[in-house]
1. What ³J(HN,Hα) values, in whole Hz, does the Karplus curve 6.51 cos²θ - 1.76 cosθ + 1.60 give for the stretch A:307-318 when θ = phi - 60°, with x put for Gly and Pro?
2. Share of Cα-Cα pairs in the stretch B:415-472 beyond 16 Å, in percent?
3. Rounded to whole Å and sorted largest first, list the principal axis extents of the Cα atoms in the stretch B:295-406.
4. If the limit is 27 Å between Cα atoms, which of A:K33/A:K81; A:K106/B:K80; A:K75/A:K372 go over it?
5. Taking the Cα-to-Cβ direction at C:E41 and at B:S310 and moving 7 Å from each Cα, how far apart do the two end points lie in nm?
6. Go ahead and estimate [θ] at 222 nm for chain B from helices alone: -39,500 (n - 2.57) per DSSP H run with n ≥ 4, summed, over the residue count, rounded to 500.
7. Based on the Cβ-Cβ distance of B:I290 and B:K462, what FRET efficiency does E = 1/(1 + (r/R0)^6) give at R0 = 35 Å, to the nearest 0.05?
8. Please compute the modelled spin-label separation between B:S219 and C:S86, points set 7 Å along Cα→Cβ, answer in nm with one decimal.
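Please treat every number below as a calculation from the coordinates, not as lab data. What you are looking at is a predicted structure, and each value in this text was computed from that prediction instead of being measured. For neighbour counting, all protein chains shown are included, and Cβ atoms are generated from backbone atoms with ideal geometry for every residue, glycine included.
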Amino acid sequence: MSKYLDLSLIEINELLKSKKITPTDLVLECFEKIEKNKDLNCFITLDKEGALEKAKSLEDKEIKSLTYGIPIAIKDNIVTKNIKTTAASKMLENFIPIYDADVVKKINDADMIIIGKTNMDEFAMGSSTQTSFFGNTKNPWNKSLVPGGSSGGSAAAVSARLTPIALGSDTGGSIRQPSSFCGIVGLKPTYGRVSRYGLIAFASSLDQIGPMTRNVYENALVLNAICGKSSNDLTSYETNEDFTRLIGKDIEGMKIAIPKFYMSDAIDKEIKDKLNNIIDLLKSKNCTIDYVDIKYIDKAVPLYQIIAMGEASSNLARFDGIRYGYSYENPKDIRDLYFKTRRFGFGNEVKRRIMIGSYLLSGKNATTYYNKAMAIRDDMRNSFLKVYQDYDLIIGPTATTKAYPLGQDLDDAVKAFMDDILTIPVNMAGLPAMSLPIGFSTDHLPIGMQIIAAPFKEAKIYQLASFIEKELNLDLCPKLGGESNE
Amino acid sequence: MSKYIPTIGIEVHVELKTKTKIFSSSKNGYGSMANSLTNVVDLGYPGTLPTLNEEVINTAIKAAHVLNCKIRKKQHFDRKNYFYPDNPKNYQITEARTPIGYDGYVEIEINNEKKKIEIEEIHIEEDTCKSAHRGKVSLLDFNRAGVPLIEIVSKACIETNEEAKLYLEKLRQLLFYSDISDCKMEEGSMRCDANVSLRKNIADPLGTKCEIKNIGSISNVGIAISKEIERQAKLLDQGESFQEQTRRFDDKLNDTILMRVKETGNDYRYFPEPDIPYVIITDERIEKAISSLPMLPDQRKELYLSRGVSEVNATKIIANRNLSDYLNEFLDTNLNFQVATNLLLGDISGYLNRQEKEINQTELTKEKFIELVKKVEENTLTSKNVKDILDEYLETSQTLDELIQKNGISNITDESLLTEVVDKIILENPDSVKDYQAGKERAIKFLMGQIMKETKGSANPKLVNEILISKLNK
Amino acid sequence: MKDALTKEEVLHVAELARIEISEEELQMYQVKLKTLLNQIEEVTKINDHDSDYLIAPWQEDAILRSDTEGEMLNSKDVLMNAPRKSGNYIEVPVVITNE
């Protein structure tokens, strides 16, 4: 089996340019690997036919970018015209979108090849990819563990090198936490950096699509391809910048803040130790490291629950069995159609969140909870922005733990959110943040750190991340059972 | 019935005359094939997001202006959450908390007195899709989904069905003249709901109110309100209390019927629409919108009166916007507007109605109309003459002189012949002659009419007038 | 603080959400929803916040779209995913008969 896909995008590009390989070779290798690692259950839908067709069509095209001919996997809550898009729900089990998400158009314009749709928590609600209607995804580092979530399929696929690139979405940590659990680089861009048009909405004021990749440079390349203002999304921002521009630039003297909350006792000691190593490394480069307070950061989880579930209850109202998706057969009347379609079409976690969201917005609760949460959230955001008046970046761990066993805490809604206490504040404030691998636990599981920047300062994140990546030079390829058994 | 004081509030939904929908670029149109004017946004497809049509904001600004509302500079949209098959996302995007216009009024004239009907607010929202009921199923057509609407909410300050009708007529005229909406109630581009309650004394708190939904015409609003007042009065007379309810007007029964008893407040779970950032309205935008407004009815009326048009004619002309717009083209000429409006409202309207045409679909150029008005004003043409040649004049490019010649119009100008007729009429109508001599100018009109009748309209009116006056003054 | 919502409260929420729930689920939600609510409750005690807020973490004002017609779907596409259809229409069980 050829091993082109383990090469860097720059190396692959040279091979493509010199005609030593074609995009078709890459696609075939990709599907071979996916087939071999089926047990990871990274994908809900594969589109081999479409991918080969696209590869073929690219052969006549001039090679204009490093992304040319590169296979990419798309999280299954991003709609792809004519490719089934399920959001990992029975509700959309057989749903064929009739339009492309803005990012999908951009991916196609960048001459990348979509190979399939990745597994996830149902409607992105969860942080372990266990609420998927299509079964859980396994962590490539240890198949008895969760890959994290909700973008678990995307994280595992990149980690296992089934594809060099995947797209994920992040509402409360859904790109960064699985990236941390699977040892890959995942970025949640600034709210508004990437068009949300075509992303099946979970919580509209928090959702953002972002790249999940093997390394920092390739992550920036993908962000270059997918960012920008869209006339379809009123909350999208015009960009004209190259996110790779600061990669490799000296970080000497950078000013870095760490929220005290991010080093609390709630975080695994092993993880804190790894982060302390990074702090030492940065200090050795004369970086300033200060501990700071962010207002209400300790309340981010309940605030998030109010906002995210309130918005979700409204966003998911459209799934009613009338225009698309699952529809209860032979309903007695219109009421029966609604109640049964939504009872049988949604999984338990989704229903629970819709229920609580509906409760939080009902009657006087909207004022007590939602409006209040919005106001406090704004204060939290301003507190973050204040820190950026004095500091370049904020760092901290990505998750409180490393990957945990499958089946654990599946039914504990409160615990599930506690996984996200370090990622949620970032979504609440609309900031860009990356999870970057910084080492392994004693049982050789990846550990990630978070680098958080001021709005629209992703380039700064890439600058610091590329420095750390280079210094650590970690081997981030999991030894997969599938391959050794060959 | 007079025992009770009715309090009436009216909510009017008006579809805005924009090219595209409010939150998507689909065509805003009526009468097309079902489900042919939609896109994924209108259908509420997963992943879709709203955009906001600039023209909707501009049009709503115009509405706020013509209805004398204050205009809000910073606003946001809210989601109104409720499940209904005609509501594609199962939430409606609406300006629940920051209506674009507020504290306005419309002036009506009732019993020769002016009254201000106060307007609480005007807010922007999206229309739902259309459902048709067929036995056990309902059929959904999404062409209307996302058509921009403004909802105009009056204060509960209307006291009679007559006031309600006048308010709606005025509202319709204003919105129509401002190019805000077609205001076609039969097509649903203007829809009315009325809230009615009764109380004994003005000092009493408002009585239990009932809402009558979706009344199909302004005259039906009048009927619906009076029927509802009757119904409630009867219940109150019998000492019965009743629940707040929603009713609808049934054309066939000519009465209101119960739709549903209101639950204790609908739980719409409003929250700010996160997909649409704050909308900031600049002074420049307001100025631009207002300056693009056509001349409004009140302004037109004032202008026509100042050009010597009778009150009756002015009102009638304004009731027909095409004619009024046509007439306005002559504002910079010295045309006799009274004669012009007589012609427009008389024979020309008759022709247009017969032919089902608009005035701009005829051959009546500006020059030809000026010529026609002049000849009538000079009494060179009698009204009979006008009738004889008008069709041809409106349908061909022939000049008035050509037509006069062609039709052999030569009015009786033989003075001796006319004197004979005048003498005869004077003899036959001694009373009118006395009236005239007693200073009643109107008598002369009657006598003129008799003479024209006698000559079958072929007498030269100018000449007849001269002879008649000289005879009477003898 | 109660440790469960009443049945009526849960049923009201299920009604708003249009989700049918079994007796067993009803009991489960009474407790589960309350547990979550208790956790959220602490937020309501915060009172020193600014009352003005952004709708999303997004400071720009809305950019309006010009009123020009864009692409539309043909009715075949509109109906493609619809579970029930009739002619060019999407069909549903009849909506409340008195309307």
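1. 5, 5, 6, x, 5, 4, 4, 7, 4, 8, 5, 5
2. Details: 512 of 1653 pairs.
When every Cα pair of the stretch B:415-472 is considered, 31 percent fall beyond 16 Å.
3. On the principal axes, the stretch B:295-406 reaches 43, 30, 22 Å in Cα extent.
4. Details: A:K33/A:K81 25 Å; A:K106/B:K80 33 Å; A:K75/A:K372 32 Å.
Pairs exceeding 27 Å: A:K106/B:K80; A:K75/A:K372.
5. In this crude label model, C:E41 to B:S310 measures out at 7.9 nm.
6. The helix contribution divided over chain B gives -11500 deg cm²/dmol.
7. So the FRET efficiency works out to roughly 0.15.
8. Using points 7 Å along Cα→Cβ, the separation is 3.4 nm.
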